[in-house]
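Notes for the one structure printed next.
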Amino acid sequence: QVQLVESGGGLVQAGGSLRLSCAASGRTFSRYTMGWFRSAPGKEREFVATISWSGESPIYADSVKGRFTISRDNSKNTVWLQMNSLKPEDTAVYYCAAERDSTGLRQRYLREFKDFGSWGQGTQVTVSS
């Protein structure tokens, strides 16, 4: 449905910050709930955050709440994940995902990677101690 390309990953020291970007193309972006997931080495993808098409209802995993911020600009077809106070356990490949949500009411149900119809290739984030 939507093509997604992540960028912004890299190597950072514990306590530092990174800002991931996800650029969307191919379909109308504004009526999609967007999400970020991550996969640590040897582990399955886990939920990080979602944001509705209005941008008013961000949802975060407990592990990142207070440190990460998800945002979007529909006019730019872009969603971001600002990551502050990074910890070594944040090391993972981070994936952007999109699922159509015309009313915004589906967001609270979209909590697993397989719930999203489109996803990017991932970007590596490594946090050193």
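The values are calculated or read from the model by the stated rules, or taken from the named source; none is laboratory data. Since the structure is predicted, the reported quantities are computational estimates derived from the model, not experimental observations. Neighbour counts run over all protein chains shown; Cβ positions are idealised from the backbone, glycine included. We work out accessible area using only protein heavy atoms, side chains counted, and drop any ligands, DNA or RNA first. Shrake-Rupley method; radii C 1.70, N 1.55, O 1.52, S 1.80 Å.
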* Asked: So which residues in the stretch 61-71 are open to solvent by less than 50 Å² (accessible area, probe 1.4 Å) and under 13 Å from the mean Cα position of the chain (by Cα), if there are any at all?
  -> ALA61, VAL64, PHE68, ILE70, SER71
* Unmet criterion (only one of (1) open to solvent by 30 Å² or more (accessible area, probe 1.4 Å); (2) of a type outside the set (Val, Ile, Thr); (3) in contact with a helix residue (DSSP H, G or I) (Cβ under 8 Å, 6 or more places away or on another chain); (4) farther than 15 Å from GLN124 by Cα) for ASN74 -> (3)
* For residues that are open to solvent by 100 Å² or more (accessible area, probe 1.4 Å) and of a type in the set (Phe, Trp, Tyr), scanning just the stretch 105-119, find the one that is nearest to TYR95 (Cα to Cα). => TRP119
* **The one condition in (1) free of Cβ contacts under 8 Å to residues at least 40 places away in the same chain; (2) open to solvent by 20 Å² or more (accessible area, probe 1.4 Å); (3) at negative phi; (4) in contact with a Ser or Thr (Cβ under 8 Å, 6 or more places away or on another chain) that GLY55 fails to fulfil** => (3)
* Asked: Of everything in the stretch 80-104 that's open to solvent by less than 10 Å² (accessible area, probe 1.4 Å) and touching a Phe, Trp or Tyr at 6+ places or on another chain (Cβ under 8 Å), which residue is farthest from GLY26 (Cα to Cα)?
  -> MET83
